[in-house]
Amino acid sequence: MSIGKYEDLNDMQIDVLREVGNIGSGNATTALSSMVGKMIDIEVPRVEVLDFNDAINAVGGPEKVIAGILIRINGDIEGMIMFLFEQNLIALIEETFFGQAPKDIFSLSEAENSALNEMGNIMAGSYVNAIAQLAGMTIDIEVPVMTVDMLGAIMSVPAIEMGEMGDKLLFIDNNMIIDKTSIQSKMLLLPTIDSLDHLLERLGVA
Amino acid sequence: MGQKLIIGISDWKVGRGDDILVTYALGSCIGTCIYDRTTGISGLSHIMLPDSTAIIDGHTTRMKFADTALPDMVERMRAMGANPASMKAKIAGGAVMFQTTNSKFNIGQRNIEAVKETLRKLRIPIIAEDTGLNYGRTMTFWAQSGDVEISSTVMGKKKL
């Protein structure tokens, strides 16, 4: 049976999606951790089905300034991966690549932008490969694009693209805690409703 | 004392007098302030998408689309006593938040065009706009005066 709306997901399906998030984020976090040389803990992922405004509040509030790295995914699963990096994680990544933190995160140099996009690329690749293996699917990722701005404006992009047919957004929210508590950032997986059906079917919980 | 009215995504509200209307972090969405200075009745709408006609799904809200949200809001303002002939509009938003090489469609630009077309049909002139480009905007709107302030992380604050 396929689900027509995100709200129709049952508890077992949500548990399975949480596990998908766990496996994906585990891989992505290992990639980040080995790049920046810091311990990274991940919390148990949350599977959220929320209306747009609640979704934005759940990830930090509309005017919070954050770096968003957007990676569209397609193939057997279509949708987006969105990394929401706090300013101190950006500083850490830039330090790793260039030996110093950027002066101003609103005017990153081309090289600094590329470093962040590359980090997003590696993490997104690790994330989707883990899911692809688990579900026996082929998932491709597109080139990452980054912006530093208000969270509400950044989250409006998946809200518009995923939410055209409804008023809710489904995302698997992974909180990363870097260096004990000092740096928190997020990665979100946002599959389209059709892809979600397909994924649940492959995992035997459709 | 006026109230502070917060307008979420896919939402609109009408205030009057000392009320202040705020909508946060417009990305590709559009904030439309409509005011009638003769009565101090003002509305602010935050739409996400241009056109409701392509959407078959019945449970979706009219406040999400330019072509349904704005006429509904103007009708509410009129019912509260505002005079359509003296209404004016200020709009903001419609940014491209992520510069992708293979962007399927520029939703920000389509939103700008749809809001302008809807306001033209409603015969409400747009007297100021801050649209397009690539950054998010918060819109603060004083109901009585029609004054609007745009704030963004990149450009700071400015009057519209």
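The values are calculated or read from the model by the stated rules, or taken from the named source; none is laboratory data. Every value quoted in this text rests on a predicted model; they were computed, and no experiment measured them. Virtual Cβ from ideal backbone geometry, glycine too; neighbours counted across all protein chains shown. To get the accessible areas, we keep the full protein, side chains included, count just its heavy atoms, and leave off ligands, DNA and RNA. Shrake-Rupley method; radii C 1.70, N 1.55, O 1.52, S 1.80 Å.
Could you calculate, for the protein assembly as shown, the ratio of the Cα radius of gyration to the Kirkwood radius, expressed as Rg to Rh?
Expressed as Rg/Rh, it is 1.00.
How much accessible area per residue does segment A:18-75 have, in Å², with a 1.4 Å probe?
Accessible area per residue, segment A:18-75: 39 Å².
Which residues of segment A:96-128 show a drop of at least 40 Å² in accessible area when all protein chains are present, compared with their chain alone (probe radius 1.4 Å, heavy atoms only, ligands and nucleic acids excluded)?
A:Phe106
Which listed residue (B:Asn83, B:Gly43, B:Thr118) has the Cα farthest towards the positive end of the charge dipole for chain B, taking +1 on Lys and Arg C-beta and -1 on Asp and Glu C-beta about the Cα centre?
It is B:Asn83, whose Cα lies furthest towards the positive end.
Quick one: which residues, 5+ away or cross-chain, put their amide H under 5 Å from the amide H of B:Lys13? H built at 1.01 Å from N.
Amide H to amide H, under 5 Å and 5 or more residues apart or across chains, B:Lys13 pairs with B:Leu44.
Cα gyration tensor of segment A:6-202, axes a ≥ b ≥ c as square roots of the eigenvalues: rounded (a/c below 1.5), prolate (a/b > b/c) or oblate?
Because a/c hits 1.5 or more and a/b exceeds b/c, segment A:6-202 counts as prolate.
Whole-Hz Karplus ³J(HN,Hα) for segment B:22-32, in order, using 6.51 cos²θ - 1.76 cosθ + 1.60 and θ = phi - 60°, x for Gly and Pro?
Result, ordered by residue: 10, 10, 9, 6, 5, x, 7, 5, 10, x, 10 Hz.
Using a Förster distance of 35 angstrom, determine the FRET efficiency expected from the C-beta separation of B:Glu117 and B:Val154, and round it to 0.05.
Once the sixth-power term is evaluated, E becomes 0.80.
Which lysines have a Cα lying under 18 Å from the Cα of B:Lys159, excluding residues fewer than 8 positions away in the same chain?
Straight-distance partners of B:Lys159: B:Lys88, B:Lys90.
Under the Karplus relation 6.51 cos²θ - 1.76 cosθ + 1.60, θ = phi - 60°, what is the ordered set of whole-Hz ³J(HN,Hα) values for segment B:131-148, x standing for Gly and Pro?
Here the 3J(HN,Hα) series is 10, x, 6, 9, 9, x, 9, 9, 10, 10, 9, 8, 4, 5, 8, x, 5, 10 Hz.
Please say if chain B is rounded, prolate or oblate, where rounded means a/c under 1.5 for a ≥ b ≥ c the square roots of the C-alpha gyration tensor eigenvalues, and otherwise the choice is prolate for a/b larger than b/c and oblate otherwise?
Oblate is the answer for chain B, as a/c is 1.5 or above yet b/c matches or exceeds a/b.
So which helices of chain A fit the span-like rule, where a helix is a whole DSSP H run, its Cα atoms reach 18 Å or more along the axis, and its mean Kyte-Doolittle is at least 1.0?
The answer is none, since no helix passes both cut-offs.
Can you give me the Cα centroid spacing of segment A:1-64 and segment A:165-197 in angstrom?
Spelled out, the Cα-based centre of one part sits 3 Å from the other.
Name the residues of segment A:135-155, by number, that are at least 30 Å² less accessible with every protein chain in place than in the isolated chain; the surface is that of heavy atoms, probe 1.4 Å, without ligands or nucleic acids.
Relative to the lone chain, where solvent access is computed with a 1.4 Å probe, segment A:135-155 loses at least 30 Å² at A:Glu142, A:Val145, A:Thr147, A:Asp149, A:Met150, A:Ala153.
Which residues belonging to segment B:1-34 lose at least 30 Å² of 1.4 Å-probe accessible area when the assembly is complete, relative to their chain isolated?
B:Ile9, B:Tyr24, B:Ala25
How far is it, in nm, from the label point at A:Glu19 to the one at A:Phe106 when both lie 7 Å from their Cα along the line to the Cβ?
4.7 nm
Under 5 Å between amide hydrogens, which residues at least 5 positions from A:Gly75 or on another chain qualify, with H placed 1.01 Å from N in the peptide plane?
A:Asp140
Which one of A:Gly24, A:Gly120, A:Gly37 has the biggest mean-square fluctuation once chain A is modelled by GNM with Cα springs under 10 Å?
Comparing A:Gly24, A:Gly120, A:Gly37 in a Gaussian network model of chain A, the most mobile one is A:Gly37.
Which of B:Lys4/B:Lys157; A:Lys103/B:Lys64; A:Lys186/B:Lys64 have a Cα-Cα distance over 30 Å?
A:Lys103/B:Lys64
Note down the relative contact order for chain B as a percent, whole number, built from C-alpha pairs under 8 angstrom at least six residues apart.
28 percent.
With the dipole of the protein assembly as shown worked out from charges on the C-beta (+1 for Lys and Arg, -1 for Asp and Glu) around the Cα centre, which of A:Leu108, B:Tyr135, A:Gly37 lies farthest toward the positive end?
B:Tyr135
Express the carbon and sulfur contribution to the solvent-accessible surface of the protein assembly as shown as a percent, rounded to the nearest whole number, probe 1.4 angstrom.
Heavy-atom surface of the protein assembly as shown belonging to carbon and sulfur, 1.4 Å probe: 49 percent.
Excluding ligands, DNA and RNA, what is the accessible area buried between chains A and B, summed over both sides, using a 1.4 Å probe, to the nearest 100 Å²?
2600 Å²
For segment B:108-117, take each phi angle, set θ = phi - 60°, evaluate the Karplus expression 6.51 cos²θ - 1.76 cosθ + 1.60, and give the result in whole Hz per residue in order, putting x for glycine and proline.
x, 5, 5, 5, 4, 5, 5, 5, 5, 5
On full extension of the chain, what length is gained from A:Ala206 through A:Glu118, given 0.36 nm per residue of separation minus the C-alpha to C-alpha distance?
Contour length minus Cα-Cα distance gives 28.2 nm.
Measuring with a 1.4 Å probe in the full set of protein chains, what accessible area per residue, in whole Å², belongs to segment B:4-153?
40 Å²
Tell me which residues come under 5 Å, amide H to amide H, from B:Asp130 once H is placed; ignore anything under 5 positions away on its chain.
So B:Asp130 has HN proximity to B:Ile91, B:Ala92, B:Gly93.
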